[in-house]
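Each value in this text was obtained by applying a stated rule to the coordinates, not by laboratory testing. Nothing here was measured: the structure is a model prediction, and the numbers come from that model. Don't worry about glycine lacking a Cβ; one is built from the backbone with ideal geometry, like all the others, and counts go over all protein chains shown.
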Amino acid sequence: MGTLDGKTALIFGVSNDHSIGWGISQALHREGAKLGFSYQAINEKRARPLAERLGATFIEQCDVGSDDDIAAIMQRAGDHFGQIDILVHAVAFANREDLMGRFVDTSRAGFAMALDVSCYSLVALTQAALPYLREDSSVLTLTYYGSEKVAPNYNVMGVAKAALESTVRYLANDLGPQGIRVNAISAGPIRTLSASAIRGFRDYQKSFAGIAPLRRNVTIDDVGNTAAFLCGNGARGITGEVVYVDSGYNIMGMVTPEE
Ligand code: 0WE
């Protein structure tokens, strides 16, 4: 049977069938996990049918910027499932104007928005889920290489992802003694709903695939399969880690000139 049989997963961040959260959901479902979904109000029409496709019985709206929403959904998820074994955070947002031009022009409000929604939300969700997370449970989030090295226009999101990766380590240290693991997947660029809002994303993916050792872009299934591994007992010894699902892009220091 599946490697996640008997486990329950609560997933934040499925907007549509291009979402990385959706790739993760499918892999967790395939491995036997029981799924619950939380979607942003605006995505209800697309998210709900997807959740139902995987037999989810818990599908609720939550604004991760609201402590009240988070408290309410965790209470309800806890009542529904009894326990949560897997918490997936596939959420990020920065104002569009902060993902173009110069980082130095970022406003205080734009900075706070990006860090709040893209980083603090992991703390808030983990904090609220804690009463329901048992030993051998796992928290997973998504990051991007723009946290470590400058990616043109990624700007305030790069700073938010740097904070998120650090957050993963601090949460891992806090929760490790309780047998709760906290990890991140650093995915290569994938054409999701948010990525499609970025001009030049196609060229971005093309240059990525030209440089990466595997010479291809990654898919939401690639990320989903690694997510299923990290959330399963096969990864019992891994916590506080950033695992790259990026065709090897991050190991490169110089580009091989094309023949
Ligand atoms: O983390 C991301 C996406 C983050 C994101 C994207 C948007 C676009 C629309 C967060 N907030 C918004 N807000 C919007 O209004 N990625 C790794 C994908 C991504 O985003 C980029 C990239 C890549 C790659 C933005 C600029 C440059 C490269």
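For the chain, the square roots of the Cα gyration tensor eigenvalues, ordered a ≥ b ≥ c, give a/c of at least 1.5 with a/b greater than b/c, which places it in the prolate category.
Placing unit charges on the Cβ atoms only, positive for Lys and Arg and negative for Asp and Glu, gives segment 1-92 a dipole magnitude near 360 debye about its Cα centre.
Taking R0 as 25 Å, what's the FRET efficiency between Arg199 and Glu52 from their Cβ-Cβ distance, rounded to 0.05? The value I calculate is 0.15. The charge dipole of segment 97-188, taken about its Cα centre with unit charges on the Cβ of Lys, Arg, Asp and Glu (plus for the first two, minus for the last two), comes to roughly 100 debye. Given H placed on each backbone N at 1.01 Å, which residues far from Arg134 in sequence or on other chains put an amide H within less than 5 Å of it? Answer set, sorted by chain and number: Ile84. Between Asp5 and Glu148, the modelled label-to-label distance comes to 3.7 nm, taking each label 7 Å out from Cα in the direction of the beta carbon. Placing unit charges on each Cβ (+1 for Lys and Arg, -1 for Asp and Glu) gives segment 100-192 a dipole about its Cα centre, and among Ala184, Ala172, Pro152 the Cα reaching farthest toward its positive end belongs to Pro152.
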